[in-house]
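Notes follow the structure.
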């Protein structure tokens, strides 16, 4: 639950004010990351809601934020957002190109009120280009970048990596890097700017190392044929006797040797660099893993440098001893959830408040940001 009054910020972004124009997916996640780092994030929700199709109490991407409701299609709606933008350091929106301008809250209107404002734009295709106005989702964005085509077995269609690579890695994280870099520039120069964060751009950028390997002839342009894409038998996943899986990443010679020894197939030591023998090696590794359960193999490799780990489910992960010891997950408001990351020695972060309920913080934000007109029509 959100608190009755604003909780003092914890984290390196304490004192930074962010306006988030509500949407779903990468924009809210980027705003959550800024909020986790201590920024005062005010989410501008629409009447009737605009988040995930779940109970707002469980939408943890709205944790550490505050929410106000503004109808941007009402006569005074845009003015309320401009009032917030005038007092903000960063604004984030995720509309299709041109929509924010038509609503009266585009970059020019906002920065006319606040020249120092960093205006972050989150889209799939970007602000220009032949597909800029087209609808899309994560899977289509990463499909065109070559990223999706790298993932999965060679004899199957590409595997779907949830929406982690496009929306959150190629989208949210690049938006956060962009707005924080622009915020630094604004504080040095007094001038804000527009940050165009396109998922297609970020997803391509994520593959920089692989593009370099491809150019050098060290990466084949097909699935399941390379060192890091499942083509290598000592970098992949294997089924165990109980239908679960183990992950293997024994790339270096010393790790490979230890892996073979613990697995009990020392005779395959010469197969590491001999690609012609990889098929034979894969069959031997698969047969051994299939002979015991996941927990039994976990015990075999525990405490070693063989680079082998059990593949855990979402429900199992919080209970792993290492993640539990680090507090990688945290419980807040009865919800087990990822803890803020990364970690800071001088300005520690935390989950201060649960998911913001739409409109619940209007009075507090009106007071704290000195925007009394936010309360019009709210009484």
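Of everything in the range 250-267, what is free of Cβ contacts under 8 Å to residues at least 24 places away in the same chain, crowded, with 16+ Cβ neighbours inside 10 Å and under 15 Å from residue 289 (Cα atoms)? Give them in sequence order.
Across the range 250-267, the qualifying residues are 260, 265.
Hey, among the residues in the range 219-244 that are surrounded by fewer than 17 Cβ atoms within 10 Å (Cβ to Cβ) and in contact (Cβ under 8 Å) with a residue 24 or more places away in the chain, which one's nearest to residue 96 (Cα to Cα)?
So in the range 219-244, the residues surrounded by fewer than 17 Cβ atoms within 10 Å (Cβ to Cβ) come out as 220-222, 225, 227-228, 237, 239, 241-243.
Right, trim to in contact (Cβ under 8 Å) with a residue 24 or more places away in the chain and you get 222, 225, 227, 237, 239, 241-242.
Numbers: 222: 33, 225: 38, 227: 38, 237: 39, 239: 43, 241: 49, 242: 47 Å.
So, considering only residues that are surrounded by fewer than 17 Cβ atoms within 10 Å (Cβ to Cβ) and in contact (Cβ under 8 Å) with a residue 24 or more places away in the chain, the one nearest to residue 96 (Cα to Cα) is 222.
Given the criteria assigned by TED's automatic domain parsing to the domain that holds residue 339 and either modelled with pLDDT of 95 or more or within 18 Å of residue 368 (Cβ to Cβ) (or both), does residue 54 qualify? Step through it out loud before you land on a result.
Working: assigned by TED's automatic domain parsing to the domain that holds residue 339: yes; either modelled with pLDDT of 95 or more or within 18 Å of residue 368 (Cβ to Cβ) (or both): no.
Judged against the criteria, residue 54 is not a match.
Based on this model, can you work out whether residue 295 counts as farther than 28 Å from residue 31 by Cα, surrounded by fewer than 17 Cβ atoms within 10 Å (Cβ to Cβ) and modelled with pLDDT under 95? Walk me through it before giving the result.
Values: farther than 28 Å from residue 31 by Cα: yes; surrounded by fewer than 17 Cβ atoms within 10 Å (Cβ to Cβ): yes; modelled with pLDDT under 95: no.
Against the criterion (farther than 28 Å from residue 31 by Cα, surrounded by fewer than 17 Cβ atoms within 10 Å (Cβ to Cβ) and modelled with pLDDT under 95), residue 295 does not qualify.
Checking residue 34 against (1) in a helix (DSSP H, G or I); (2) in contact with a helix residue (DSSP H, G or I) (Cβ under 6 Å, 6 or more places away or on another chain); (3) under 25 Å from residue 355 (Cβ atoms), which single condition isn't satisfied?
All conditions are met except number (2).
Step by step: first the residues of the range 251-265, then only those that are in a helix (DSSP H, G or I) and more than 12 Å from residue 234 (Cβ to Cβ), then the one that is nearest to the chain's Cα centre (by Cα). Which residue is that? Outline the logic, then answer.
From the range 251-265, those in a helix (DSSP H, G or I) are 253-263; that's our starting set.
Remaining after also requiring more than 12 Å from residue 234 (Cβ to Cβ): 254, 261-262.
Numbers: 254: 33, 261: 37, 262: 36 Å.
Selected residue: 254.
Here is a list: 31, 85. Which entry is within 30 Å of residue 165 (Cβ to Cβ), assigned by TED's automatic domain parsing to the domain that holds residue 165 and in contact with a strand residue (DSSP E or B) (Cβ under 8 Å, 6 or more places away or on another chain)?
On the way: 85 fails: within 30 Å of residue 165 (Cβ to Cβ).
Among 31, 85, only 31 is within 30 Å of residue 165 (Cβ to Cβ), assigned by TED's automatic domain parsing to the domain that holds residue 165 and in contact with a strand residue (DSSP E or B) (Cβ under 8 Å, 6 or more places away or on another chain).
Residue under question is residue 100, and the condition is that it be assigned by TED's automatic domain parsing to the domain that holds residue 173, modelled with pLDDT of 95 or more, farther than 20 Å from residue 179 by Cβ and crowded, with 16+ Cβ neighbours inside 10 Å; does it hold?
Numbers: assigned by TED's automatic domain parsing to the domain that holds residue 173: yes; modelled with pLDDT of 95 or more: yes; farther than 20 Å from residue 179 by Cβ: no; crowded, with 16+ Cβ neighbours inside 10 Å: yes.
Against the criterion (assigned by TED's automatic domain parsing to the domain that holds residue 173, modelled with pLDDT of 95 or more, farther than 20 Å from residue 179 by Cβ and crowded, with 16+ Cβ neighbours inside 10 Å), residue 100 does not qualify.
Please enumerate the residues belonging to the range 84-102 that are in contact with a helix residue (DSSP H, G or I) (Cβ under 7 Å, 6 or more places away or on another chain) and within 19 Å of residue 197 (Cβ to Cβ). Show your work before the answer.
Kept after step one, since they are in contact with a helix residue (DSSP H, G or I) (Cβ under 7 Å, 6 or more places away or on another chain), are these residues of the range 84-102: 85-86, 89-94.
Listed by number, the residues that qualify are 85, 89, 90, 91, 92, 93, 94.
Looking at (1) closer than 21 Å to residue 12 by Cα; (2) surrounded by fewer than 17 Cβ atoms within 10 Å (Cβ to Cβ), which one does residue 178 not meet, given that it meets all the others?
Checking residue 178 against (1) closer than 21 Å to residue 12 by Cα; (2) surrounded by fewer than 17 Cβ atoms within 10 Å (Cβ to Cβ), the one that fails is (2).
Residue check, residue 40 against (1) over 13 Å from residue 369 (Cβ atoms); (2) buried (at least 24 other Cβ atoms within 10 Å of the Cβ); (3) over 17 Å from the mean Cα position of the chain (by Cα), all met but one. Which one?
Going through (1) over 13 Å from residue 369 (Cβ atoms); (2) buried (at least 24 other Cβ atoms within 10 Å of the Cβ); (3) over 17 Å from the mean Cα position of the chain (by Cα) one by one, residue 40 breaks only (1).
Could you list, in sequence order, all residues of the range 194-218 that are in contact (Cβ under 8 Å) with a residue 60 or more places away in the chain, within 30 Å of residue 119 (Cα to Cα) and not in a loop (DSSP other than H, G, I, E, B)? Spell out the reasoning first.
Within the range 194-218, the first condition is being in contact (Cβ under 8 Å) with a residue 60 or more places away in the chain, and the residues that meet it are 194-201, 203, 207, 210.
If we keep only those that are within 30 Å of residue 119 (Cα to Cα) too, we end up with 194-201, 203, 207.
Scanning the range 194-218 gives 194, 195, 196, 197, 198, 199, 200, 201, 203.
Looking at residue 12 and the list (1) at pLDDT 95 or above; (2) assigned by TED's automatic domain parsing to the domain that holds residue 180, which single condition is not satisfied?
Of (1) at pLDDT 95 or above; (2) assigned by TED's automatic domain parsing to the domain that holds residue 180, only one is false for residue 12: (2).
Evaluate the following for residue 181: is it within 22 Å of residue 230 (Cβ to Cβ) and modelled with pLDDT of 95 or more?
Values: within 22 Å of residue 230 (Cβ to Cβ): no; modelled with pLDDT of 95 or more: yes.
No.
Only one residue in 153, 242, 221 is at pLDDT below 95 and either under 27 Å from the mean Cα position of the chain (by Cα) or assigned to a loop (DSSP other than H, G, I, E, B) (or both). Which one?
On the way: 242 fails: at pLDDT below 95; 221 fails: at pLDDT below 95.
That would be 153, the only listed residue that is at pLDDT below 95 and either under 27 Å from the mean Cα position of the chain (by Cα) or assigned to a loop (DSSP other than H, G, I, E, B) (or both).
Yes/no matrix, rows are residues, columns are (1) surrounded by 15 or more Cβ atoms within 10 Å (Cβ to Cβ); (2) in a loop (DSSP other than H, G, I, E, B); (3) out of contact with any helix residue (DSSP H, G or I) (no Cβ under 9 Å at 6 or more places or on another chain); (4) in contact (Cβ under 8 Å) with a residue 12 or more places away in the chain:
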| position | (1), (2), (3), (4) |
| --- | --- |
| 44 | yes, no, no, yes |
| 48 | no, yes, yes, no |
| 53 | no, yes, yes, no |
| 61 | yes, no, no, yes |
| 66 | yes, no, no, yes |
| 72 | yes, yes, no, yes |
| 75 | no, yes, yes, no |
| 78 | yes, no, no, yes |
| 82 | yes, no, no, yes |
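The values are calculated or read from the model by the stated rules, or taken from the named source; none is laboratory data. What you see is a predicted model; the values in this text were computed from it and never measured. No Cβ is skipped: glycine too gets one built from the backbone with ideal geometry, and neighbour counts run over all protein chains shown.
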